[in-house]
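What follows is a set of notes on a single structure, which appears directly below.
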Amino acid sequence: MDNTLLVRAIVEALMFLEHAEDDEVDPDAAVRGIEVIGHELAALSPADRTEFRLVLARIAETSGDRGHARRAREVPFMLWGEE
């Protein structure tokens, strides 16, 4: 299974929550949403985490939108910090 669409959806959800205005999403709810997504993704095995990072890199490399590419590259740091 190609996980690109699934990973792209996760990136979009995280970026929406991260950058939503207060009148779009309650800030506390946005933080909780990011934390829940991060918690679930923290359960990835090391091999799956590596694959997730590779898919993010592929998304960033093939994106015609520099902002979208930058956001895809930010996700691992947003979720797991420096590893």
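Coordinate-derived values only; no laboratory data. Everything numeric in this text was worked out from a predicted model, so none of it was measured. Here the Cβ is made from the backbone with ideal geometry for all residues, glycine too, and neighbour counts use every protein chain on show.
Once both axes come from the Cα atoms, what is the angle between helix 27-42 and the longest principal axis of the chain, in degrees from 0 to 90, rounded to 10?
Between helix and principal axis, roughly 20 degrees.
Semi-axes of the equivalent ellipsoid for the range 4-80, please: Cα gyration tensor eigenvalues, times 5, square-rooted, ordered largest first, whole Å.
21, 17, 8
Would you kindly derive the ³J(HN,Hα) couplings of the range 43-53 from the backbone phi angles with the Karplus curve 6.51 cos²θ - 1.76 cosθ + 1.60 (θ = phi - 60°), listing them in order in whole Hz, with x for Gly and Pro?
With the stated coefficients, the range 43-53 comes to 7, 4, 5, x, 5, 5, 5, 4, 4, 4, 5 Hz.
Listing Met15, Met78, Met1 from the residue with the fewest other Cβ atoms within 10 Å to the one with the most, what is the order? Walk me through the intermediate numbers first.
Details: Met15 18, Met78 15, Met1 5.
The order, fewest Cβ neighbours first, is Met1, Met78, Met15.
Mind sorting Ser45, Ser63 by how few other Cβ atoms lie within 10 Å of their own Cβ, fewest first? Let's see the in-between values first.
On the way: Ser45 8, Ser63 16.
Least crowded to most crowded, the residues run Ser45, Ser63.
Can you tell me the relative contact order of the chain? Whole percent, Cα pairs under 8 Å, sequence separation 6 or more.
Numbers: 46 pairs, mean separation 28.5, N = 83.
It comes to 34 percent, rounded to a whole number.
Compute the angle between helix 4-19 and the longest alpha-carbon principal axis of the chain, please, reported from 0 to 90 degrees and rounded to the nearest 10.
Taking Cα atoms only, the helix is inclined about 30 degrees.
Within a 10 angstrom radius of the beta carbon, how do His68, His19 rank from fewest other beta carbons to most?
Values: His68 16, His19 11.
Taking fewest neighbouring Cβ atoms as first place, the list is His19, His68.
For the chain, take the longest principal axis of its alpha carbons; what is the angle in degrees between that and the long axis of helix 66-80, to the nearest 10 within 0 to 90?
90 degrees
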